[in-house]
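Remarks on the structure that follows.
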Amino acid sequence: MINAIDLRKGLVIKIDGELYTVASYQHVTPGKGRAHMQVSIKSLKQGNVTQKRFRPSDKVEDIFVDHRDMEYLYQEGDSYCFMDTESYEQVFLSKEVLGDAMSYIAPNAKVSVSLYNNNAIGVELPSSVILKITETDPGTKGDTVTNVFKPATLETGYVTKVPLFVNTDEMVKIDTRTGEFMGRA
């Protein structure tokens, strides 16, 4: 158990028997009344985000989460298969657990999978990934002058905006937090 004032982004907590991850937090001290913690928590079961208010002295159950390096293998229906790189054990994760993370995970990519009681509860993406552009309009000479963007489809099927000078079959660096183009790889 930890005090609510010690909550941090990414921490996994248990409230009423359900697991949540802290999406954001803010310590609020109003002019009148007591200080409190305004916390956005994301349900690991349903994926919805809710707001919760705690007093700084409230106790919250923090959960130990094991992180394992795994490799993405393939998709089977609504599930995605990951393999533990040490034990070669395969784990299936549903679309609900992964959320939009699959937009940034190419086949054979290495990710960190979060486990609680040997059940996968989510993946942790790096801050940026390098992906191949599979489809975009061709660029023309002189397109480096302006700051104009065009849509590009990546190898995962995700569509992002890239500068006009970037072409099909190029490797690009994508920010996983915003989904934006960061540069050529």
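A crude spin-label estimate for the pair Lys59 and Gln75, with each label 7 Å from Cα along the Cβ direction, gives 4.5 nm.
Sparsely packed loop sites in the stretch 1-81 (the chymotrypsin sites (Phe, Trp or Tyr not before Pro) outside DSSP H, G, I, E and B with at most 13 other Cβ atoms within 10 Å) comprise Phe64. Projecting the alpha carbon convex hull of the chain along each direction and taking the average yields 14.0 nm².
How much net charge surrounds Glu61 when only the other residues with a Cβ under 13 Å from the Cβ of Glu61 are counted, with Lys and Arg +1 and Asp and Glu -1? Neighbour charge sum, excluding Glu61 itself: -3.
Taking label positions 7 Å along the Cα-Cβ direction at both Ala23 and Lys132, the computed distance is 3.4 nm, reported to one decimal. Sparsely packed loop sites in the stretch 85-185 (the chymotrypsin sites (Phe, Trp or Tyr not before Pro) outside DSSP H, G, I, E and B with at most 13 other Cβ atoms within 10 Å) comprise Tyr88.
What ranking do Ser40, Ser94, Ser114 get, fewest neighbouring Cβ atoms within 10 angstrom at the top? List each step's numbers first, then the result.
Details: Ser40 16, Ser94 11, Ser114 21.
With the sparsest Cβ surroundings first, the list reads Ser94, Ser40, Ser114.
Ordered by the count of other Cβ atoms within 10 Å of each Cβ, fewest first, Val148, Val113 give Val148, Val113. If you take all other residues with their beta carbon under 12 Å from the beta carbon of Ser128, and give Lys and Arg +1 and Asp and Glu -1, the sum is 0. In a fully extended conformation the segment linking Gln38 and Gln51 would gain 4.0 nm over its present Cα-Cα distance, using 0.36 nm per residue. Projecting the Cα atoms of Phe181, Leu164, Thr29 onto the charge dipole of the chain, computed from C-beta unit charges around the Cα centre, puts Thr29 farthest toward the positive end.
Loop-located trypsin sites (Lys or Arg not before Pro) in the stretch 63-170 (DSSP state not H, G, I, E or B) with no more than 14 neighbouring Cβ atoms inside 10 Å: Lys141.
Using the Cβ of Asn48 as centre and a radius below 15 Å, the other residues enclosed give a net charge of 0, where K and R count +1 and D and E count -1.
Where a number appears in this text, it was derived from the coordinates with a stated rule and is not lab data. Keep in mind that what you see is a predicted model, and the values were worked out from it rather than measured. Because the Cβ atoms are built from the backbone with ideal geometry, glycine has one as well, and the counts that use them run over all protein chains shown.
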